[in-house]
Each structure stands twice: as C-alpha cells, then as structure tokens.
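The values are calculated or read from the model by the stated rules, or taken from the named source; none is laboratory data. A quick note: this is a predicted structure, and the numbers were derived from the prediction, not measured. We place every Cβ from the backbone using ideal geometry, glycine too, and count neighbours over all the protein chains shown.
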Amino acid sequence: MSLDALIYLLCLGAGFLFLVILALMGHFFEGAGHHDVGSGGHAEAGADGTDGSGVSAFSPMIIAAFMTGFGAFGYLLSLVPATKSPLLSAPLAAVGAFAFASVIVSALRLVFRKTQSSSESQVASVVGTTATLGTGIPENGVGEIVYVQGGTRYTAPARTEDGKPIATGAAVIVTRIVGSQFFVKPA
C-alpha cells in the first residue's frame, strides 16, 4: 500500500471516528457541552457567531464529514491508475469532500429550517377565521377555542370581546390575539 493511500485511509478512519464520537456525545451528553455562546448554544451550529438556527459549514460535524469524504475520495482515486498520483488525487479528493460536506450542510439546513420554523406568523393568520368553543366562556372569564389550521387541530384560551358568556360548542370568530389569548365574538 502506498503512503498516500495510507494517509487517505487514516483521514477516512479518523473523520469517521470523530463523527461517531460527536454523535455519541450529542446523544448521551446533550451536545457535549454546557456552553451557551454563539449560534444559540447548538453544537451543530458551529462557531461562526451568527446566532442563527441551522448548521454552520465550520461546525465540528461538518469538518469531520469533510475529513471523512476527503479520505474516502482520496483512497478511491488512489486506486484508479489515471489518478493514482497524489498531485491529482489530493485536489480531486478535496473537491469531492467539499461537495460531500456541502450536500450534508444543505440537507441539515433544510431539516433545521423545517423543524425550527416559527409558527408565530401562522397564528396571526387565524384572526378572522371561525373556531368552535371546546370549553364555554363564562361571563368575563376564559374558555377554550378549537380551530384547524393547515390540517392540524389546535386549542387556545379565549375570551369574548364584550365579556358576555358563550356556551360550549358554539361557533365563534377570532377577532384578535393578545399574547397567547384569543378574543372572539359569536359567529
């Protein structure tokens, strides 16, 4: 085995081992750190200081993925006679590893965007829609409405605009939302 193939295998093994260690630390030690600095304290977000949700290209997980990809691509390229020379295999392996890490970053950012998106703007769109009282609203009191948005059933505390009671099961219209409290009037 040539020295360059051995180096590629070491990169592959070390990168993969690092990925496994990071995954285990994240699973058993909740992110392997009790830090709450930069990127919202998420270990997968890296240290780029953006404080945004998602994944940084400089996170330990992505660096380990790049290293693993570099080792894998480099080893495979060192087996092909046309790219056996380290002068060809190393740059090509770096390009392959960059593409591999970029795909992982993009996929993880897509996952985080979908799972960490805020529903705040969606709640605001409930104003003007019809809901049903799951729990009646007593005079000057609080009840509970049931509404469906985007195919999902939600409940929320509700008060009447005028303080008058409304019975359970009645249809109401959401007039405004203040904090987590929905104000309604009879439909």
query = Which number in (1) outside any loop (DSSP other than H, G, I, E, B); (2) surrounded by 22 or more Cβ atoms within 10 Å (Cβ to Cβ); (3) modelled with pLDDT under 90 marks the one condition that I62 misses?
reply = (2)
ask   = Here are some residues: V111, V123, V127. Which one is in a loop (DSSP other than H, G, I, E, B) and either touching a strand residue (DSSP E or B) at 6+ places or on another chain (Cβ under 6 Å) or not hydroxyl-bearing (S, T, Y) (or both)?
value = V127
ask   = Applying the selection to the range 118-158, what residues are more than 30 Å from the chain's Cα centre (by Cα) and among the acidic types (D, E)?
value = E139, E144
Breaking point among (1) in the same structural domain as L12 (by TED's automatic domain parsing); (2) without any contact (Cβ under 8 Å) to a residue 40 or more places away in the chain, for A170 = (1)
key: Within the range 70-83, tally of residues that are in contact (Cβ under 8 Å) with a residue 24 or more places away in the chain and loosely packed, with under 15 Cβ neighbours inside 10 Å   = 1
request  = Pick out the one residue from P91, P86 that is assigned by TED's automatic domain parsing to the domain that holds L10 and either surrounded by 15 or more Cβ atoms within 10 Å (Cβ to Cβ) or in contact with a strand residue (DSSP E or B) (Cβ under 6 Å, 6 or more places away or on another chain) (or both).
outcome  = P86
inquiry  = One residue is enough: does the range 117-136 have a residue meeting the conditions touching a Phe, Trp or Tyr at 6+ places or on another chain (Cβ under 6 Å), touching a residue at least 12 places away in the same chain (Cβ under 8 Å), assigned by TED's automatic domain parsing to the domain that holds A57 and surrounded by 12 or more Cβ atoms within 10 Å (Cβ to Cβ)?
reply    = no
inquiry  = Looking at the range 4-19, I want the residues that are under 12 Å from A93 (Cα atoms) and have a partner that is buried (at least 16 other Cβ atoms within 10 Å of the Cβ) and among the β-branched types (V, I, T) with Cβ atoms under 8 Å, at least 6 apart or on another chain. Which pairs are those?
reply    = C11/T68; L12/T68
